[in-house]
1. Multiplying the sequence separation of Ala166 and Lys152 by 0.36 nm and subtracting their Cα-Cα distance, what value in nm do you get?
2. At 1.4 Å probe size, put Arg89, Arg76, Arg30, Arg134 in order of accessible surface, largest to smallest.
3. Please report, as a whole percent, how much of the solvent-accessible surface of the stretch 76-187 comes from carbon and sulfur atoms (probe radius 1.4 Å).
4. Output the lone cysteines of the chain: those with no second cysteine's C-beta under 4.7 Å from their C-beta.
5. Could you name the lysines in cross-link range of Lys185, using Cα to Cα under 16 Å and dropping any fewer than eight places away on the same chain?
6. From the gyration tensor of the Cα coordinates in the stretch 133-187, what semi-axes in whole Å does the equivalent ellipsoid have, largest first, with each one equal to sqrt(5λ)?
7. Using a cut-off of 12 Å between beta-carbons, work out the net charge of the residues near Lys187 (Lys and Arg +1, Asp and Glu -1, Lys187 not included).
8. Hey, of [x] 20.4; [y] 19.2; [z] 17.6, which did the structure itself give for Kirkwood radius over Cα pairs in Å when calculated?
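The values are calculated or read from the model by the stated rules, or taken from the named source; none is laboratory data. Just so it is clear, the model here is predicted, and its values are computed rather than measured. Neighbour counts are summed over all protein chains in view; Cβ atoms, including those assigned to glycine, are modelled from backbone coordinates with ideal geometry. Ligands, DNA and RNA are excluded from the accessible area calculation, which covers all protein heavy atoms including side chains. Shrake-Rupley method; radii C 1.70, N 1.55, O 1.52, S 1.80 Å.
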Amino acid sequence: MRGTVKWFSKEKGYGFIVGNDNIDRFFSVRDISGVNLPNTGDTVDFQDKPSKKGPAATSINIIQSAKTTASFNDDRVVCANCGKRMVPRMITYRGSPSKSVCPFCGATYKKFGYCFIATAVYKSYDAPEVLVLRKFRDKHLVTNLLGRIFIKTYYFISPYFANKIAKSQKWTKIIKKILDKLVYKLK
């Protein structure tokens, strides 16, 4: 049977092949014939092998290497700490996203703070304007009851609005003007 390597991890030693019948089949390094390991997008010949966990492939021979992997959707990113390609793992705190980390070395890939709307508008958790707003929250709002009530309400409703704002350039521009004025006064 002929198919295409959908995904293969050299570090983990396994992957998936999509056959001409559009069925995904699991395979491991032991199922590969020859010394070369396949890459995502390679065309391969293989034998279909039923297993307890579903369809599998064995006796895999690489027929043609993929010319470019850019034509395939590869949603992995490169870890700045260890340099490996990875899919970040989400870490949550009390049910809310806190940060994403590299599954190989544990380094933080991206922080998800509670400045939802400002982060959506300025496109970065560490933007200078977002830092000013967080500093104001930590210095003034947290210190009194009304401020804490405001923060709790904001944390509850703002993820929905931040998602809507991030998808609309019109709303991003409007909210950015308002936040720019607020940040200017807080400085």
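1. Using 0.36 nm per residue and subtracting the Cα-Cα distance, I get 2.9 nm.
2. Ranking Arg89, Arg76, Arg30, Arg134 by accessible area, largest first, yields Arg30, Arg89, Arg76, Arg134.
3. Values: 4950 of 8090 Å².
Ligands and nucleic acids excluded, carbon and sulfur reach 61 percent.
4. Cys115
5. Correct list for Lys185: Lys135, Lys139, Lys176, Lys177.
6. Ellipsoid half-lengths, sorted descending, are 23, 16, 7 Å.
7. Local charge sum for Lys187: +1.
8. Given [x] 20.4; [y] 19.2; [z] 17.6, the calculated one carries the label [x].
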